[in-house]
Structure formats: structure tokens, C-alpha cells
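A.B. asks: Mind looking over this structure? Questions follow.
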Amino acid sequence: MSDEKKYITSEELKKHDKQDDLWISIQGKCYNVTDWVKDHPGGDIPIRSLAGQEATDAFIAFHPGTAWKYLDKFFTGYHLRDYDVTEVSKDYRKLCSEFSKAGMFEKKGHGVIYSFCFVTLLMSLSFCGVLLSKNFFVHMVSAALLGLAWMQISYLGHDSGHYVMMTNRGFNKLAQILTGNCLTGISIAWWKWTHNAHHVACNSLDHDPDLQHLPVFAVSTKFFKSLNSSFYGRELTFDSVAKFFVSYQHFTYYPIMCVARVNLFVQTFLLLFSTRKVPDRALNILGILVFWTWFPLLVSTLPNWTERFLFVLLSFCVTSLQHIQFTLNHFAADVYVGQPEGNDWFEKQTSGTIDIACFSWMDWFYGGLQFQLEHHLFPRLPRCHLRKVSPIVQDLCKKHKLPYRSLSFYEANVWTLRTLKTAAMQARGLLWEAVNTHG
């Protein structure tokens, strides 16, 4: 009798969604990860977002095959009585298995070497232009080259955050600190914290931090109800200030993108000097200090404050192309309110992403992230394979009548501005209503 399986239902599993009582189900087996959450390499947010749910597809997406052996020690002895796998999930898991057997998650190509060489060239040209020339035009070109280098460095940091792009994990961590903290001034710890949450809760207005930009942006009128952010643990207040900014967000979108990097610097400092547990906090702070040493010193060598201001602004403006790209991938896609559900993983990724169509010779510029859906479905897949798997993903979406949106860069901008304008017009109505009411 001791060998008989014990069962609970999905409704009973949902009761284990508390901080001090956290279970998840993977392939119908229930695991108690209450104590493991604080030590999870991907942070606590992804697990908490799927607490009390069946989370097989999300687990497969983020973990290599070697991770399965660690599950046994968390097994509660209970199986999910009403465990069921949808046809979409069956096909998705089959694809993951085929890609794994083909070694695609391990075959990274030579893209990392090429990218490092390209970044070194861009940085060298930028430094030489600033230090060896007194020409204003050369200095501005150097600023643009630095901005382009930051874009490419960010893609490397993104790659290293999703999979081991170096020969081992030690070198991979070094690459993360170098590409993120030392060269761009943006903490890899902050990036992991927000980015993992974004992947799990793609386009959830109250769970995905990448859509929570009040008071300056609101991609949906649902933000007008002052949603509570489960990520930040506070209310996203839609007050009079937010109404004003959101009312004109389709005009301020590009100007704000030009200085969006400043916000990333601020967010980095807020996290690193917060009371929140931060992995490798000292190493992250050291990396940030490296950036805030070399960058101000470089800018200070310019002859006057006008050139210094323009140099910084132009470098930020060039990098804003990347910030714009990231918003194009999600701002105009479908959104929802509430906790992500593990049993519709594939569907949520298709509805919450937009690909950017481009020629293959432009893949370097987008860092592979123009294949946003492909990346969200297979986050561990090196970018050199994303174009190859795109037709397969398209066929799977077509088979299950799911959206696959691929727009040109121009079309994606139009969609995004239209989304922002739609919300802006409704916010403007509320703003004038408040003005007329209160005089």
C-alpha cells in the first residue's frame, strides 16, 4: 500500500501559493520549494509568479536537462490528479526535446568572439577619437560609436544572462560583470531580477516590470485603475501627474527613449544599495565603480562643457535605438492583468510578443532579439539559431491558430505609437474632466 500514489487536485495545489507554503507542479509531480526560493539562481520572482500552479513548460524553457536531477529532494509525494497536457504544450515540449538532442542549446557558434572583437573595435575607435583628436565632428562620431558599442555590449550581457556563453560558469559570470556593470554601468543583478520576471509574466500589467512605467507611460487604460505591482510590491498610482504625462506619451515617447539610460542607472543604484538580497552585491558594486571611473574621465577630456553634454547626449540617443526596439517587441502586443498561468505558457508568449522583420545581414544590429517570440519560447537558445527555428515556430503557431506577428521596424513603430496614442486620448479626457471638476 505504501507504493500507491497520493494525489491532490489543481484547486488544492493553488492553496500552496504563499511565501511560507510554496508548491509547484512539474509533469504532474508536486514539489515544495518554499525553502529553495531564496537560493534559486534565477531569483525568487519567477517561482513566486507560478506558485501553486503546473509549471512544466516554464521549467523546460529556463532549465537545461541537468536541472531535473535536483527536483527529487523537493518532491512532496503528491501527484496532480487532474494533470493534463494540451496539444500546444505537447508540440512545444517535443520541439524543446528535438532542439536539445540536436545540441542546439550547446552550439553557440562564433558569434561571441565576433561580438567581442566588434565591441573592442568600436570602443577603441571611440576612445581614440576623443583622446587623439580635437575636432568637434570626430568627437561626435566617437559618441555615436560608443552608443553603438553599448548596444552590442548589452546583447552580450543578455546572452550571458540566459545561458553559459563562455567555457564555464566562472568565466560567464566574469563576462556578465564586464559587459553589464563595467562597460555599461547597468548592473547584471538588476537585469536578471527584472528580466527573469518579464519572461515568466510576459505582458502581465501587474506582474511584468517591463510594462510598468508610470507616471510617464501606460500601454493600457487598465493602468488608470492604479494597479498594484506584484513585482515592486506597491501601487502604480495613476494620479494627476501620471494623467498629464500619459496624455502626451505619444509625443514624449522618442525624447524619453533618448534619455532612458538615465533611468537604468538610477534603477541599478536603487537595487544595489537596497535592503533586498542581491547576488554578488559587492562584485556588482565594484563593476559599477569601474564604469563611473572610466566614463566620467573620458568625458572630462573633452575641451568644454558644451561638447561634454553633446557627447553624452548623442551616445545616449544612439543607444536609444535599442530601448525603442525592446518596447516595440511588447508595447503594442496583447496585455492582461493577473498572475501568469503555467498551463498556457506557449499561448502567453505568442500573444505578448512582436517580432521585428529584417534581413539576415542586420541580425547583428538587433542582437537576435528581433526574433522576440522565438527567444521567449526558447530563452536558452543561442541567438545564432533563432533565425533557423523561426519557420518552425511559425508553423506551430499556424497549426494551433495562435498569433505570430512579425512587423518591419517602421510598422512596429506605427503600432507602438498607435497604442500609446489610444491610451493618451483616454487619459487626456480624464485629465480635462479633473480640471473642470476641480477648477
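A.B. asks: The list (1) 22.9, 85; (2) 22.3, 75; (3) 25.5, 91 gives values of Rg and Dmax of the Cα atoms in Å, and only one came from this structure; which label was calculated from it?
C.D. replies: Answer by label: (1).
A.B. asks: Under a 1.4 angstrom probe, counting protein chains only, how are Glu106, Glu347 ranked by accessible area, largest first? Intermediate values should be presented prior to the final figure.
C.D. replies: Values: Glu106 110, Glu347 50 Å².
From most accessible down to least: Glu106, Glu347.
A.B. asks: Ignoring ligands, DNA and RNA, what accessible area per residue does the chain give at 1.4 Å, in Å²?
C.D. replies: Each residue of the chain exposes 48 Å² on average to a 1.4 Å probe.
A.B. asks: Using Cα centres only, tell me the gap between region 408-431 and region 316-369 in whole Å.
C.D. replies: Taking the Cα centre of region 316-369 as reference, the centre of region 408-431 is 17 Å away.
A.B. asks: Taking the Cα atoms only, what angle lies between the long axis of helix 249-258 and the longest principal axis of the chain, rounded to 10 degrees?
C.D. replies: Once rounded, the angle reads 70 degrees.
A.B. asks: Considering only protein heavy atoms, with the full assembly of protein chains and a 1.4 angstrom probe, order Lys222, Lys388, Lys243 by accessible area, largest first.
C.D. replies: Most to least solvent-accessible, the answer reads Lys388, Lys222, Lys243.
A.B. asks: Compute the distance from the alpha-carbon center of region 171-210 to that of region 109-145, in whole Å.
C.D. replies: Computed from Cα coordinates, the inter-centre distance equals 25 Å.
A.B. asks: Provide Tyr70, Tyr366 ordered by accessible surface of protein heavy atoms (probe 1.4 Å), highest first.
C.D. replies: Tyr70, Tyr366
A.B. asks: Same structure, new question: How tilted is helix 409-438 with respect to the longest principal axis of the chain? Cα atoms for both, answer in degrees (0 to 90, nearest 10).
C.D. replies: The angle comes out at about 90 degrees.
A.B. asks: Could you state how much accessible area Ile47 has, in square angstrom rounded to the nearest 10, with a 1.4 Å probe and all protein chains kept in place?
C.D. replies: Rounded to the nearest 10, the figure is 20 Å².
A.B. asks: If you count only protein heavy atoms and use a 1.4 Å probe, how large is the accessible surface of Val138, to the nearest 10 Å²?
C.D. replies: 50
A.B. asks: Under 5 Å between amide hydrogens, which residues at least 5 positions from Lys29 or on another chain qualify, with H placed 1.01 Å from N in the peptide plane?
C.D. replies: It is Leu80, by chain and number.
A.B. asks: Whenever you get a sec, compute what percent of the accessible area on the chain sits on carbon and sulfur atoms (1.4 Å probe).
C.D. replies: 62
A.B. asks: Here is a further query. Which of the pairs Lys243/Lys348; Lys192/Lys277; Lys14/Lys73 have their Cα atoms more than 18 Å apart in this structure?
C.D. replies: Where the Cα-Cα span goes over 18 Å, the pairs concerned are Lys243/Lys348; Lys14/Lys73.
A.B. asks: In debye, nearest 20, what is the charge dipole magnitude of the chain about its Cα centre with +1 on Lys and Arg Cβ and -1 on Asp and Glu Cβ, if you could check?
C.D. replies: It works out to roughly 760 debye.
A.B. asks: Quick check: the angle from helix 386-399's long axis to the longest principal axis of the chain, C-alpha only, nearest 10 degrees?
C.D. replies: 50
A.B. asks: If you consider only alpha-carbon coordinates, what radius of gyration and Dmax does region 191-321 have, in Å?
C.D. replies: Here Rg and the maximum Cα pair distance are 17.3, 50 Å.
A.B. asks: Still on this structure, I have one more. Would you kindly find the accessible area of Thr66, with a 1.4 Å probe and non-protein molecules such as ligands, DNA and RNA excluded, rounding to the nearest 10 Å²?
C.D. replies: 90
A.B. asks: At 222 nm, what helix-only mean residue ellipticity would the chain give, in deg cm²/dmol to the nearest 500, using -39500 (n - 2.57) for each DSSP H run of four or more?
C.D. replies: -17500 deg cm²/dmol
The values are calculated or read from the model by the stated rules, or taken from the named source; none is laboratory data. Everything quoted here is computed from the prediction, not taken from an experiment. FYI the Cβ positions are ideal-geometry reconstructions off the backbone, even for glycines, and counts take in every protein chain you see. Accessible surface is based on the protein model in full, side chains and every heavy atom, while ligands, DNA and RNA are left aside. Shrake-Rupley method; radii C 1.70, N 1.55, O 1.52, S 1.80 Å.
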